[in-house]
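What follows is a short report on a single structure.
The values are calculated or read from the model by the stated rules, or taken from the named source; none is laboratory data. The structure presented is a predicted model; accordingly, all values stated were derived computationally and were not measured. Note: ideal-geometry Cβ built from the backbone for every residue, glycine included; neighbour counts use all protein chains shown. Just so you know, the surface numbers come from the protein's heavy atoms only, side chains and all, with ligands and any DNA or RNA stripped out. Shrake-Rupley method; radii C 1.70, N 1.55, O 1.52, S 1.80 Å.
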Amino acid sequence: MYIVYGLPMGTATSADLLKEIDEEIVKIQTDLISEKDYQKLRNTFDNQFVNANTSVEGIAENLAKYYMLYGDVNLINNEIALYHSITREEIREVAKKYLNPNQRLILDYLPSKDQVQN
């Protein structure tokens, strides 16, 4: 499961946002992401992993998660290598498989006019 959300600004509409999101998804499904974007993804994951394991509480939570979900607490030692093994080609193939318009829910939420503050 994943969530994409946007907030239309100015003259943009929800339909405009949906069109642009769909265009970006098609790009991910047909082209390899750039090396720069690929490195950004890796850096973001590395940063999140390190931050999540900087305290005893964070380490304990991760060990509990690995045990409960996967039955293997040693994953804390291998998780970064696992994520680093994912290729740009695999990202494209997963996007083709899972990011399909018929497999999504679009929620267009607008507050009622009496809730909008001026």
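For segment 85-108, check the following and say yes or no: at least one residue is among the β-branched types (Val, Ile, Thr), outside any loop (DSSP other than H, G, I, E, B), open to solvent by 70 Å² or more (accessible area, probe 1.4 Å) and out of contact with any Ser or Thr (no Cβ under 6 Å at 6 or more places or on another chain). Yes, segment 85-108 contains at least one residue that is among the β-branched types (Val, Ile, Thr), outside any loop (DSSP other than H, G, I, E, B), open to solvent by 70 Å² or more (accessible area, probe 1.4 Å) and out of contact with any Ser or Thr (no Cβ under 6 Å at 6 or more places or on another chain). Reported count of residues in segment 66-77, each being closer than 18 Å to ASP46 by Cα and open to solvent by 70 Å² or more (accessible area, probe 1.4 Å), is 2.
Would it be correct to say that ILE3 is modelled with pLDDT under 95 and part of a helix (DSSP H, G or I)?
So ILE3 does not fit the description; no.
Enumerate the pairs (first residue in segment 6-20 and of a type in the set (Ser, Thr, Tyr); second residue anywhere and open to solvent by 80 Å² or more (accessible area, probe 1.4 Å) and at pLDDT below 90) with beta-carbon separation below 9 Å, excluding pairs fewer than 6 apart on the same chain, so at least 6 apart or on different chains. Note: pairs meeting the criteria are SER14/ILE106; SER14/ASP108; SER14/LEU110. Of all residues in segment 25-47, those that are in contact (Cβ under 8 Å) with a residue 12 or more places away in the chain have Cβ atoms under 7 Å from Cβ atoms of residues that are part of a helix (DSSP H, G or I) and among the charged types (D, E, K, R), 6 or more apart or on another chain, in ILE28/ARG92; GLN29/ARG92; GLN29/LYS96; LEU32/ARG88; LEU32/GLU89; LEU32/ARG92; ILE33/ARG88; TYR38/ARG88. Checking ASP37, ASP22 one by one, the residue that is surrounded by 11 or more Cβ atoms within 10 Å (Cβ to Cβ) and in contact with a Pro (Cβ under 8 Å, 6 or more places away or on another chain) is ASP22 and no other. One residue alone among LYS65, LYS96 is basic (Lys, Arg) and more than 30 Å from LEU18 (Cα to Cα), and that residue is LYS65. The number of residues in segment 40-49 being open to solvent by 80 Å² or more (accessible area, probe 1.4 Å) and either among the basic types (Lys, Arg) or not in a helix (DSSP H, G or I) (or both) comes to 1. Residues in segment 38-89 that are of a type in the set (Asp, Glu) and out of contact with any helix residue (DSSP H, G or I) (no Cβ under 9 Å at 6 or more places or on another chain): GLU57, GLU89.
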